[in-house]
């Protein structure tokens, strides 16, 4: 059973990520295809329903149907995304330790604790994104209020709007831009602190809150590497997405910003392939970095070697066993 447990540089982690992804492409793509496939089906179903309501001139029903279907789709996809990312973490953990796994095996291993993983991702999402979401919501509300007021006063000509309302809108824009910098910095920082929480939850079988604390502890001294890793992988994803969707963007511009149902459906199909192929990359890299931090901070490579040899490490001095007593000498070694 070959493993690659040793301290690695960021470049080596990226190389290992590429190697695992290349040699296990069908495994990773198959795991993420469950999520992206359901997303494609839901998007096409919603698109067809919207077009049907438009043809039937049921505009009053269209708004509420769009809202309801969007909320339901977000909930379903959030659950499936949590399952897919957790399954990728489990698969990477097995492969990195020299074990074999399958798409079915990866999902079977995480399903008993799926609620825990989804709950962890929900807590993390709120902690990381809530401030920027509140900031954007406040600015969007101000913009909607200003637009409605300007339309009612000047028949849609914003330049003729009430000067007081225009001043409020301009002030809100300036405040939004100024606050976006510290709030964005906070979002990035919190994301780096909790980046290793999900791998810790999956690999170490921790509850959500304990996994968050564990992730914060493991991410210390590695947040710069996590940031660069996320930046590089994000750049690859954005670049490939722009390339694959560029002709759709050009077609929308030529149609004066209007995308027909056929073009929209084609965009969803392309998104299915890009999400399936690119979705596992970050989860793979962050799981490898999780193991690297354990090797650096806890000597996990030595611990794993002893476990593979049928030995277990003795607990630290003074640590109690499960009965609340000091373990007997020699009882911890096989």
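The values are calculated or read from the model by the stated rules, or taken from the named source; none is laboratory data. None of the values given here were measured: they were computed from a predicted structure. Reconstructed Cβ throughout: ideal geometry from the backbone, glycine too, with neighbour counts over all protein chains shown.
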Next item on the list: Look at residue 270 and say whether it is under 19 Å from the mean Cα position of the chain (by Cα), surrounded by 12 or more Cβ atoms within 10 Å (Cβ to Cβ), assigned to a helix (DSSP H, G or I) and in contact (Cβ under 8 Å) with a residue 24 or more places away in the chain.
Entry: no
Next item on the list: Answer with yes or no whether residue 281 is in contact with a helix residue (DSSP H, G or I) (Cβ under 8 Å, 6 or more places away or on another chain), at pLDDT below 95, surrounded by 17 or more Cβ atoms within 10 Å (Cβ to Cβ) and not in a loop (DSSP other than H, G, I, E, B).
Entry: yes
Margin query: Any residue at all in the range 292-310 that's touching a helix residue (DSSP H, G or I) at 6+ places or on another chain (Cβ under 6 Å), buried (at least 20 other Cβ atoms within 10 Å of the Cβ) and either closer than 30 Å to residue 86 by Cβ or modelled with pLDDT under 65 (or both)?
Written below: yes
Notebook entry, point to check: In the range 249-262, which residues are outside any helix (DSSP H, G or I) and exposed (fewer than 15 other Cβ atoms within 10 Å of the Cβ)?
Noted result: 255, 256, 257, 258, 260
Next item on the list: Please find, among 246, 221, the residue that is modelled with pLDDT under 90 and not in a helix (DSSP H, G or I).
Entry: 221
Item checked: Evaluation of residue 233 against (1) in a helix (DSSP H, G or I); (2) under 30 Å from residue 50 (Cβ atoms); (3) in contact with a helix residue (DSSP H, G or I) (Cβ under 6 Å, 6 or more places away or on another chain) (one fails), failing number -> (2)
Check: Only one residue in 111, 135 is at pLDDT 90 or above and closer than 30 Å to residue 77 by Cβ. Which one?
Finding: 111
Notebook entry, point to check: Residues 265, 235: which one is modelled with pLDDT of 85 or more, closer than 18 Å to residue 37 by Cα and surrounded by fewer than 18 Cβ atoms within 10 Å (Cβ to Cβ)?
Noted result: 265
Next item on the list: State yes or no: is residue 187 under 15 Å from residue 127 (Cβ atoms), out of contact with any strand residue (DSSP E or B) (no Cβ under 9 Å at 6 or more places or on another chain) and either in contact (Cβ under 8 Å) with a residue 24 or more places away in the chain or not in a loop (DSSP other than H, G, I, E, B) (or both)?
Entry: yes
Next item on the list: Report yes if some residue within the range 74-86 is surrounded by 13 or more Cβ atoms within 10 Å (Cβ to Cβ) and within 25 Å of residue 303 (Cβ to Cβ); otherwise report no.
Entry: yes
Notebook entry, point to check: Can you find a residue in the range 197-213 that is at pLDDT below 90 and out of contact with any helix residue (DSSP H, G or I) (no Cβ under 8 Å at 6 or more places or on another chain)?
Noted result: no
Check: All but one of (1) surrounded by 14 or more Cβ atoms within 10 Å (Cβ to Cβ); (2) under 15 Å from residue 276 (Cβ atoms) hold for residue 41; which doesn't?
Finding: (1)
Checklist line | Odd one out for residue 227 among (1) within 23 Å of residue 10 (Cα to Cα); (2) buried (at least 18 other Cβ atoms within 10 Å of the Cβ) | finding: (2)
Check: If you check residue 242 against the conditions, is it free of Cβ contacts under 8 Å to residues at least 12 places away in the same chain, surrounded by fewer than 15 Cβ atoms within 10 Å (Cβ to Cβ) and under 30 Å from residue 44 (Cβ atoms)?
Finding: yes
